[in-house]
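Chemist: Here it is, the structure in full.
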Amino acid sequence: MTLSHRIHILQGPLEFPYVKVEGSEGFSARPYIPVTFSSGKKSFRVGHTLVDTGSDLTILPLQIAHFLEIELDDSKRLTIDGAGGGRFLVQPSQKSIQYSIDRKGFRSIAWTGIVYFAEDEPIILLGHHQCLEKFDLNFQGPEKKLGVLPRFKF
């Protein structure tokens, strides 16, 4: 096996640099990580998924549910209060879907969980329920990077 094909076993947190984003106050750096969501034989990679420790739920746009052909549970629709003061509807997947965090040269970190899908909202974020609660997260503000360490075997 050549060095370029070697897969590293995670012995410490996997680190991701913050992503520079433009907002109403100018530019800031935010903790985003790449996550692939899969259901059946279909996958959808989101290059910048916000790690939102203030959110209970993982929320994606409804269009991703349609693309992945995920059946939603209409009986569990919720109205969510957004951080900016707005409100929007979300509905969960009927079954758990696969999440995976991939970083070149490292073994993929994969798990399953329920995802909520927002109607008419472009929001993409990872919340605690069946997602962030599975990790130790180390926000390194001055260095502008995020350490992600799974608390499960993958």
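The values are calculated or read from the model by the stated rules, or taken from the named source; none is laboratory data. All values reported here derive from a predicted model rather than from experimental measurement. All Cβ positions, even for glycine, are placed from backbone atoms using ideal geometry, and neighbour counts span all protein chains on display.
Chemist: Residues that are assigned to a helix (DSSP H, G or I), surrounded by fewer than 17 Cβ atoms within 10 Å (Cβ to Cβ), acidic (Asp, Glu) and touching a strand residue (DSSP E or B) at 6+ places or on another chain (Cβ under 8 Å): does the stretch 135-149 have at least one?
Modeler: no
Chemist: Residues to consider are Pro92, Pro122, Pro142, Pro150; find the one that is closer than 18 Å to Pro31 by Cα, out of contact with any His (no Cβ under 9 Å at 6 or more places or on another chain) and without any contact (Cβ under 8 Å) to a residue 40 or more places away in the chain.
Modeler: So the residue among Pro92, Pro122, Pro142, Pro150 that is closer than 18 Å to Pro31 by Cα, out of contact with any His (no Cβ under 9 Å at 6 or more places or on another chain) and without any contact (Cβ under 8 Å) to a residue 40 or more places away in the chain is Pro142.
Chemist: Glu15 is checked against (1) crowded, with 17+ Cβ neighbours inside 10 Å; (2) out of contact with any Phe, Trp or Tyr (no Cβ under 6 Å at 6 or more places or on another chain); (3) of a type outside the set (A, V, I, L, M, F, W, C); (4) part of a strand (DSSP E or B) and fails just one. What number does that condition carry?
Modeler: (1)
Chemist: So Thr112 ticks every box in (1) within 14 Å of Phe16 (Cα to Cα); (2) of a type outside the set (Gly, Ala, Ser); (3) not in a loop (DSSP other than H, G, I, E, B) but one. Which box is left unticked?
Modeler: The failed condition is (1).
Chemist: For residues that are over 17 Å from Pro122 (Cβ atoms) and assigned to a helix (DSSP H, G or I), scanning just the stretch 59-86, find the one that is modelled with the lowest pLDDT.
Modeler: That would be Asp74.
Chemist: Can you name every residue in the stretch 138-154 that is in contact with a Pro (Cβ under 8 Å, 6 or more places away or on another chain) and under 19 Å from Leu57 (Cα atoms)?
Modeler: Within the stretch 138-154, Val148 is the sole residue that qualifies.
Chemist: Okay, next question. For Gln98, which of the numbered conditions (1) assigned to a strand (DSSP E or B); (2) over 12 Å from the mean Cα position of the chain (by Cα); (3) modelled with pLDDT of 95 or more fails to hold?
Modeler: (2)
Chemist: Being within 18 Å of Tyr99 (Cβ to Cβ) and assigned to a loop (DSSP other than H, G, I, E, B) narrows it down to one residue among Thr49, Thr53; which is it?
Modeler: Going through Thr49, Thr53 in turn, just one is within 18 Å of Tyr99 (Cβ to Cβ) and assigned to a loop (DSSP other than H, G, I, E, B): Thr53.
Chemist: Only residues in the stretch 40-57 that are loosely packed, with under 15 Cβ neighbours inside 10 Å count as the first member; pair them with residues that are among the basic types (Lys, Arg) and not in a loop (DSSP other than H, G, I, E, B), Cβ under 9 angstrom, at least 6 apart or cross-chain, and list the lot.
Modeler: Taking only residues 6 or more apart or on different chains, the pairs are His48/Arg30.
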